[in-house]
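First up is the structure itself, then whatever we jot down about it.
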Amino acid sequence: MADADQASLAALTDWLRRFAAAVARDERHLTDLDAKIGDADHGSNLRRGTAAVVEALDADPPGDVGAAFKQAGMTLVKTVGGASGPLYGTFMLRFGTTAGAVDALDATALGTALRAGYDGVVARGKAEPGDKTMVDVLEPCLTVFDEAVAGGAGAAAAARAAADAAPERRDATAPLLARKGRASYLGERSVGHVDPGSASTTLLLESLADALAGP
Amino acid sequence: MKKLINSPEQVVPDALRGMAAAHPDLRVDHENRVVLRASGAVEGKVGLVSGGGSGHEPMHGGFVGHGMLDAACAGEVFTSPTPDQMQAATLAVSGGAGVLHIVKNYTGDVMNFEMAAELAAAEGDVEVRSVVVDDDVAVQDSLYTAGRRGVGATVLLEKIVGAAAEERRDLAACEELAKKVNGNARSMGMALTSCVVPAAGVPTFELGDDEFELGIGIHGEPGRERRRLGPLREVAEQLVEPVLQDLPAADGAPVVAFVNSMGGTPLIELYGLYAEVAAICEKAGVSIARSLVGPYITSLEMAGASVTLLRADDDLLSLWDAPVSTPGLRWGM
């Protein structure tokens, strides 16, 4: 079904649905991670927001990739709150704006849109790699994506390579000292726990790879 | 988990329904989860909008009314509200003199208020300024963190700037005053127990019978360190000394002393703490001009307390004394 070189509108909205399902499945785990170094609501907040994204997709099916991700971004911004609302919302908004009113993205265009989303997260949250945040997964995994595309991979193969790199980067946040977000107030006590944002970002990348792999 | 709730999803809407029913002076925009004065926007007065996660009652919804806020946005429990809520609140309270956003320094609050200000600027017809409250001395090395948290000073700031807005001071003067209050206030908190976030259903952290968390915020998050619990006098010293060390020096200036319950600590213990705070201040040569004791910026049912000292001058004290009529603070009228 799916063209492995392209990311169709259907596959990309499937990404949003798979992400919502993955967050719902792992809600308790994300919240438990957040309880260790934050305020115990990452899973419940993100589940509320991603469920609203799916509701909006059902109620008002978007006609192109740009519209789909602008709708998803605004829905997240309006329903999640906290830090994850603006961060995931900005990621989706920038992704959609950069993708534009098209019905498919090739691997290069997908990489450009993902990178624009990442730049939005950095601009909004002002975190750098090493701060123990979602950036610690996004940045290296998007680099893996870009390298795969440079080596001739299509969208699905590049997304799989990025997703495969994510768990290791997520786990590598455990020994870090948090310097952004609520965990930063714990100082040394944040060491030894995986960052909940890096865990949900891993789900985001895995959902993308699964969606592009086709049914 | 044992809580008086219908369901974790209904905690905030149910509380807002109750506030609307209990306080005819307030109007609640349920769709946007905004608490407003029933009397509407005041022509020519700076509108004061605050907000944050729920679970800190009476802050902020309980501080809406004459002499304090014009609107408060209620987020989910411990989760900042969203930009569209803030936008709705901003437009609702705009009386033509601009709107001041009072934001506590938490990553989520700061980012959402920032997005709200961008939206307001895009629409163009309301001048919005904001002040970020960051009074928590527990946060050291703030270069390597998200900065100091906003805690107890928020209550004092909302009262004082609320009185100034009521006097029709303009937006720039209100903003400057808010920064002055924030710059002269310092706080430190501690916890004896964790709270239970309704959506999580289990305590955020466990504490031994003989331990307490020093340097907590107001979100059930653990503090900077865990210490052995001694007598109240020792706990008071661990709270007040870092506050006094960090308080901007001003010879002979009196302070407003605020002893706050995190929700689960009763007044009998809170007054005991106030007695120790007053004694430590006296010994340090700091005179207390005004005081506030009670649960005003809580962390659900967490047992614990925080101490805030605000170095004041005659202007701040007279604004503090000005009449206020809100569900959470009421005097002089």
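The values are calculated or read from the model by the stated rules, or taken from the named source; none is laboratory data. Quick caveat: nothing in here was measured; it's all calculated off a predicted structure. Every residue, glycine as well, gets a Cβ built from its backbone with ideal geometry; the counts of neighbours run over all protein chains shown. Quick note on the areas: whole protein, heavy atoms, side chains included, nothing else; ligands and nucleic acids left out. Shrake-Rupley method; radii C 1.70, N 1.55, O 1.52, S 1.80 Å.
For region B:107-116, the Karplus equation 6.51 cos²θ - 1.76 cosθ + 1.60, evaluated at θ = phi - 60°, returns couplings of 3, x, 4, 4, 5, 5, 5, 4, 5, 5 Hz by residue, with Gly and Pro reported as x.
Spatially, region A:126-191 and region B:9-32 are offset by 41 Å when compared through their Cα centroids.
Residues whose amide H lies under 5 Å from that of B:ILE288, counting only those 5 or more places away or on a different chain, are B:VAL255; hydrogens are built 1.01 Å from N in the peptide plane. Its convex hull of Cα atoms gives region B:196-271 a direction-averaged projected area, equal to a quarter of the hull surface, of 6.6 nm².
Take the protein assembly as shown, drop everything but the C-alpha atoms, weight them equally and run the Debye formula without solvent; then report log10 I(q)/I(0) at 0.07 Å⁻¹ to two decimals. Each listed q maps to, in turn, -0.40. Inverting the pair-averaged 1/r between distinct Cα atoms of region A:6-213 gives 16.6 Å as its Kirkwood hydrodynamic radius.
Annotation for the A:B interface, with buried accessible surface near 2800 Å², both sides summed [1.4 Å probe; non-protein components not counted].
Would you calculate the separation in nanometres between label points at B:ARG168 and B:ALA121, each defined as 7 Å from the Cα along the Cα-to-beta-carbon direction? According to this spin-label approximation, the distance is 3.1 nm.
Apply 1/(1 + (r/R0)^6) to the Cβ-Cβ distance of A:THR97 and B:SER7, taking R0 = 45 Å, and write down the FRET efficiency to the nearest 0.05. With R0 = 45 Å, the Cβ-Cβ based efficiency is 0.75. Taking the chain by itself as reference, region A:75-103 contains these residues with an accessible-area loss of 20 Å² or more in the full protein complex (1.4 Å probe, heavy atoms): A:VAL77, A:LYS78, A:GLY81, A:GLY82, A:ALA83, A:PRO86. Each listed q (0.17, 0.18, 0.19, 0.22 Å⁻¹) maps to a log10 I(q)/I(0) for region A:127-215, found by the Debye formula over equal Cα scatterers with no solvent: -0.66, -0.71, -0.76, -0.92. Above 22 Å, the calculated P(r) of region B:103-235 contains 51 percent of its Cα-Cα pairs. Taking every alpha-carbon pair within region B:238-333, the share separated by more than 20 Å comes to 41 percent.
Taking other residues whose beta carbon is less than 11 angstrom from the beta carbon of B:LEU232, and scoring Lys, Arg as +1 and Asp, Glu as -1, yields -3.
Reducing region B:132-183 and region B:98-118 to their Cα centroids gives an inter-centroid distance of 13 Å. Restricting the calculation to Cα atoms, every distinct pair contributes to the Kirkwood radius of chain B, found to be 19.8 Å. For region B:25-184, the alpha-carbon coordinates run over 43, 32, 31 Å along the three principal axes, in decreasing order. Applied to region B:83-93, the Karplus parametrisation 6.51 cos²θ - 1.76 cosθ + 1.60 on θ = phi - 60° returns per-residue 3J(HN,Hα) values of x, 5, 5, 5, 5, 4, 5, 4, 5, 5, 9 Hz, with x for Gly and Pro. Comparing B:ALA322, B:ALA92, B:ALA146 in a Gaussian network model of chain B, where Cα atoms under 10 Å apart are tied by springs, the biggest mean-square fluctuation is seen for B:ALA146. To the nearest 10 degrees, how steep is helix A:65-79 against the longest Cα principal axis of chain A, on a 0 to 90 scale? The two axes meet at around 30 degrees.
Measuring r between the beta carbons of B:GLN140 and B:ARG233 and using R0 = 35 Å, the FRET efficiency lands at 0.90. What separates the Cα centres of region B:194-237 and region B:309-333 is a distance of 30 Å.
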